[in-house]
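Please read the structure below before turning to the comments.
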Amino acid sequence: MRGLIVHMAICGALLMTGGANLHAQTKADIIPNLSDNQLLDLVQKQTFHYFWDFAHPVSGLSRERSNVTHYGPEVVTIGGTGFGVMAMVVAAERGFAGRDTVVGRLHRMLDFLEKADRYHGIFPHWLDGATGKTIPFSKKDDGADLVETSFLFQGLLTARQYFDAPADAEKSLRDKINKLWREADWQWFTRGKDVLYWHWSPVHEWAMNHEIRGWNECLITYVLAASSPTKPISRPVYEKGWKQSKHYQNGKTFYDIRLPLGFDYGGPLFFAHYSFLGLDPRGLNDGVVDYWELNRSHALINYQHCVRNPKSFAGYGADCWGITASDSPGGYDAHSPTNDLGVISPTAALSSFPYTPQESMRALRHFYEKLGHKIWSEYGFIDAFSEQQNWYAGSHLAIDQGPIIVMIENHRSGLLWRMFMGCPELKKGLGELGFRSTHIKS
């Protein structure tokens, strides 16, 4: 959670400082009388344009955001790029872009990543999309970011499994992904202790001193660290690191819904999304927690909070819900039921489609048909809005746009779950950590 607070502070500062507009938001027409499937197609395809048309022109990596940035137009995000890679898999599957064309783009991205700054095989949070040099995320966060790198590898391994043809272009793509994957030294980020550390700096070394402990968005980091073919962690790192936190166990009831893990009322809803873009929560159990139950409960608590609307914010209700980290009138903030500022983030409800299909579809229709003239654009829905404050973001963020495409696809076909869970290394990693899954190949 500390990492989220740091991210909030930095992103909030960037928004408040002004700066160059990278891309002026362009509104898009609203098409009436779409069926549910037509609307889902449209949302996925339109949102995909963020990762395809707005990608950095040199590297092809995903830009951090579409609007204000203190560092200018070169900032690309490693975690958001991982989400973008998964969006490209969806695009190839649904014909938004040709398979060969997507493979070509991925080659450009991987050639750039191979030459970009890495630290013990781990990427920084931000890179310069033209040079591959590290752009500091904060004063001391100017080196490796283990969590952002795990989001990247979640995407790359998904692509490796999807692009499985014997053709030279796809074979060499798999080889490039495997090379990066094998060079990542997850073990080194334990510092010889039973916990993973989030950051390392070539200047400040371990000064950030941020242990990765649950419950939050970082489960995928431990799963991939245990799955490494070259430098894996052992189970005690997971048991004594990730699972040892005052914010891990919960078991209390909120709005008549039991929450197994995490903060009261669940925290920001992206906790149920980021690790589970590839990691299939259906039938995933570690002997204590059913991860489908956990994520569905989290989403339903978030939904019920907006329906009951204890602060009586304008616009909240069964057709307008979803609270998570996003932009807000005062800057980037980690919105949640316990930090409710009257801001709805479309990514929250739309990325929850697998858990709350009826509630999410109702929200989607409201966002598109009732509010579309204010919040629908060439890159899909804007990042956030507040009817209470008559505020509508002029931004899109890679980390919010990507889960919309991916989780809608997991709801529709399970594609990304099927690909990622098909990684042979994953079976070893999950087994090492004591997980069982009904959706992993034997």
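The values are calculated or read from the model by the stated rules, or taken from the named source; none is laboratory data. Model, not experiment: these values are computed from the prediction. All Cβ positions, even for glycine, are placed from backbone atoms using ideal geometry, and neighbour counts span all protein chains on display.
For Gly414, are the conditions met, namely being at positive phi and in contact with an Asp or Glu (Cβ under 9 Å, 6 or more places away or on another chain)?
Values: at positive phi: yes; in contact with an Asp or Glu (Cβ under 9 Å, 6 or more places away or on another chain): yes.
Criteria met by Gly414.
In the list Val307, Val288, Val343, which residue meets the criterion of being more than 20 Å from Leu40 (Cβ to Cβ), hydrophobic (A, V, I, L, M, F, W, C) and modelled with pLDDT under 95? Break it down stepwise before answering.
On the way: Val307 fails: modelled with pLDDT under 95; Val343 fails: modelled with pLDDT under 95.
Only one candidate qualifies: Val288.
Quick check on segment 135-171: of everything there that is more than 25 Å from His210 (Cβ to Cβ) and of a type in the set (A, V, I, L, M, F, W, C), which residue is surrounded by the most Cβ atoms within 10 Å (Cβ to Cβ)?
Quick first cut of segment 135-171, residues more than 25 Å from His210 (Cβ to Cβ) only: 158-171.
Add one more test, that the residue is of a type in the set (A, V, I, L, M, F, W, C), and what stays is 159, 163, 165, 167, 169.
Working: Ala159: 26, Phe163: 22, Ala165: 14, Ala167: 12, Ala169: 14.
Among those residues, the one meeting the criterion is Ala159.
What is the one condition in (1) at pLDDT 95 or above; (2) more than 20 Å from the chain's Cα centre (by Cα) that Ile220 does not satisfy?
(2)
Could you list, in sequence order, all residues of segment 189-216 that are touching a Phe, Trp or Tyr at 6+ places or on another chain (Cβ under 7 Å) and part of a loop (DSSP other than H, G, I, E, B)?
Arg191, Leu196, Pro202, Trp206, Met208, His210, Ile212, Arg213, Gly214, Trp215, Asn216
Identify, from the list Asp142, Asp117, Asp100, Asp128, the residue that is among the charged types (D, E, K, R), touching a residue at least 12 places away in the same chain (Cβ under 8 Å) and in contact with a Leu (Cβ under 8 Å, 6 or more places away or on another chain).
Working: Asp142 fails: in contact with a Leu (Cβ under 8 Å, 6 or more places away or on another chain); Asp100 fails: in contact with a Leu (Cβ under 8 Å, 6 or more places away or on another chain); Asp128 fails: in contact with a Leu (Cβ under 8 Å, 6 or more places away or on another chain).
Result of the check over Asp142, Asp117, Asp100, Asp128: Asp117.
Helices (runs of 4 or more DSSP H) wholly in segment 299-417 with at least 1 residues that are β-branched (Val, Ile, Thr), closer than 27 Å to Gly155 by Cα and touching a helix residue (DSSP H, G or I) at 6+ places or on another chain (Cβ under 9 Å) - which ones?
Details: elements: 346-350, 357-365, 372-375, 398-412.
Correct list: 346-350, 398-412.
If you scan segment 240-258, which residues turn out to be surrounded by 14 or more Cβ atoms within 10 Å (Cβ to Cβ) and either farther than 17 Å from Tyr303 by Cα or under 21 Å from the mean Cα position of the chain (by Cα) (or both)?
Step one: list which residues in segment 240-258 are surrounded by 14 or more Cβ atoms within 10 Å (Cβ to Cβ), which gives 241-245, 247-250, 254-255, 257.
The answer is Gly241, Trp242, Lys243, Gln244, Ser245, His247, Tyr248, Gln249, Asn250.
Mind listing whichever residues of segment 241-255 are touching a residue at least 40 places away in the same chain (Cβ under 8 Å) and under 18 Å from Val307 (Cβ atoms)?
Of everything in segment 241-255, those that are touching a residue at least 40 places away in the same chain (Cβ under 8 Å) and under 18 Å from Val307 (Cβ atoms) turn out to be Phe254, Tyr255.
Any idea which of Leu224, Leu300, Leu219, Leu261 is buried (at least 18 other Cβ atoms within 10 Å of the Cβ), among the hydrophobic types (A, V, I, L, M, F, W, C) and out of contact with any Ser or Thr (no Cβ under 8 Å at 6 or more places or on another chain)?
Just one listed residue meets the conditions, Leu261.
Does segment 317-352 hold any residues that are more than 20 Å from the chain's Cα centre (by Cα) and closer than 21 Å to Gly380 by Cα, and which are they?
Within segment 317-352, Asp319, Cys320, Pro329 meet the criteria.
Spot the failing condition for Ile382; the list is (1) farther than 19 Å from Gly267 by Cα; (2) free of Cβ contacts under 8 Å to residues at least 60 places away in the same chain; (3) β-branched (Val, Ile, Thr), and only one is missed.
Of (1) farther than 19 Å from Gly267 by Cα; (2) free of Cβ contacts under 8 Å to residues at least 60 places away in the same chain; (3) β-branched (Val, Ile, Thr), only one is false for Ile382: (2).
Please name all residue pairs, on different chains or six or more residues apart, with Cβ atoms under 7 Å, provided the first residue is in segment 156-179 and is closer than 15 Å to Asp100 by Cβ and of a type in the set (Ser, Thr, Tyr) and the second residue is at pLDDT 95 or above and in a helix (DSSP H, G or I).
What qualifies is Tyr162/Val89; Tyr162/Met419.
Filter segment 168-223 for residues that are charged (D, E, K, R) and under 24 Å from Met109 (Cα atoms) and give the result. Show your work before the answer.
If we filter segment 168-223 for residues that are charged (D, E, K, R), which is where we start, we get 168, 170-171, 174-176, 179, 182-183, 185, 191, 193-194, 205, 211, 213, 217.
Once the filter is applied, which keeps residues that are charged (D, E, K, R) and under 24 Å from Met109 (Cα atoms), segment 168-223 yields Asp168, Glu170, Lys171, Arg174, Asp175, Lys176, Lys179, Arg182, Glu183, Asp185.
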